[in-house]
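This report concerns only the one structure given below.
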Amino acid sequence: MTERPPSFADFLNGLGPRFLPFADAATRELPLARLLRLALFQMTVGMAAVLLAGTLNRVMIVELFVPAWLVSVMIALPLLFAPFRALVGHRSDQHLSHLGWRRVPFIWIGTMLQFGGLAIMPFALILLAGSGTGGPVWIGHVGAAVAFLLVGAGMHTTQTAGLALATDLAPPDARPRVVALLYVMLLVGMVVSSLVFGLLLADYSHMALVRCVQGAAVVTFAVNLIALWKQEPRAPQRTGLDRPRVAFGEAWGRLREKGRVTRMLVALGIGTAAFNMQDVLLEPYGAEVLGLSVSGTTTLTAIFSAGMLLGFAYAAQHLARSSDAAFGKISANHAADGGAAHAAARALGEAVGRARPYRLAGKGCLVGLVAFAAVIFAGPLESPGLFRVGAGLIGVGSGLFSVAMLVAAMALARSEDTGIVIGAWGAVQATSAGVAIALGGILRDAASAAGVSGALGPAFTDHAIGYSVVYHLEIGLLFVALVALGPVLGYIQNSTAETAPADDGFGLTHFPG
């Protein structure tokens, strides 16, 4: 009998976590090859996000001469579906089927919505720009709106069901590393697709646009099919047609009974808004205030992305230190006391484990405070170096906060309500990010116009005032996010009979609630 030749997956497993930062995310239940394949759905979501907010944004304004206000409306349309992610997650929890699948049907539906939207999008945009022949003018507007809505609905549905499936498959102690890996794959999808789209559309033509966008549709279909293939175990007893469905209101009520869920979502929304309000302002700030060249501002994206990767890696390693250490220490001290002390130690260990993501999210907010202060002072000091440091720290803080809050949401999930928990997290996160990005641009323009007109006084006529207003507001929002996180930590620590042991000395619970 001949031995099987070693595969690429065997090679990756052989490298070990020393050389692959997220290799330790794999478990016996979820091997590395299967985990990497599952994470592919994040790459297609990242590809669609770059296409909508980046590539097509530029193409519509520059090459197709579409008015900027209409482009903004079209790009904002996918956000209309974001608040429904909780409902999508709940429906996947309660899905009834003879096949025994809960998540796969929704990932498939989301994939087909993305495919359909991308398939009709280039032709709709060409008609929108007035390049078509015959037919009413409004056909292009309606077609483009439908295309953007379909892609947005597909992205949100796929990501909600995909993250819920990852939560179902990953053991609780491996979830922080799995979350970090999923975020890395999202970032990889965005970076790689932006480079590919740039090459495909270097010499723009309508046919190149059709090939690029419809090629993205085919890639989305193929990659998501590979990602979900043989991932979710079939369990007909869990999805039988005779199984009673729980209404969304009842499921949401049960979720709120777990304690401080609303407060956690409020903190998530405020923190997400704080980190995303500057999303479209960093590069213009560098160019307009610090006089950086196009290449100089382009490197900011790489610096920000590197900071996020560093935040992801640190979050994965930090959160991987689960409650086992605390449990082992306490149970060793009380071993002679029997089973009661053992159970108390386990409860205290679990409390420490539940509190850890919130503490890490608080650290992310603190890093953000330093980052935005650096960006603000870079202007008057005329220091591009300080500005780049601030951009990198924004990435670090955002990465820490994002991973920590998703892990905190996963910690609330049980097998019967994973979808609604992940859906609620996604709804708040996506909606807050979209609103913050739009609000950041509006506030910057309004403050700059007021400063130039002299309405703010002679001390605030500099063209940097609009950016400064937004960055100071983000600092204020980060403080509010810290205040919102405090009572959640207090609730977790007070939910046990004894006070949980000190974790890392960060006194979030002392913030006013």
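Taken one residue at a time, the phi angles of the stretch 116-127 give Karplus couplings (6.51, -1.76, 1.60, θ = phi - 60°) of x, x, 5, 5, 8, 4, x, 5, 5, 5, 5, 5 Hz. Gly and Pro are set to x. For L99, the amide hydrogen comes within under 5 Å of no other amide hydrogen, counting only partners 5 or more places away or on other chains and with H modelled in the peptide plane.
Which loop-located trypsin sites (Lys or Arg not before Pro) does the stretch 94-184 contain, where loop means any DSSP state but H, G, I, E or B and the Cβ has at most 12 other Cβ atoms within 10 Å?
Working: sites: R102, R103, R177; in loops: R102, R103.
Filter output for the stretch 94-184: empty list.
The distance between label points at W138 and A235 comes to 4.9 nm (points 7 Å beyond Cα on the Cα→Cβ vector). Phi angles across the stretch 377-390 convert, under the Karplus curve 6.51 cos²θ - 1.76 cosθ + 1.60 with θ = phi - 60°, into 3J(HN,Hα) values of 6, 4, x, x, 7, 6, 10, x, x, 4, 4, 5, 4, x Hz, Gly and Pro given as x.
Rule-based calculations on the coordinates, nothing more; no lab input. Just so it is clear, the model here is predicted, and its values are computed rather than measured. Here Cβ is always computed from backbone atoms with ideal geometry, including for glycine, and neighbour counts include all displayed protein chains.
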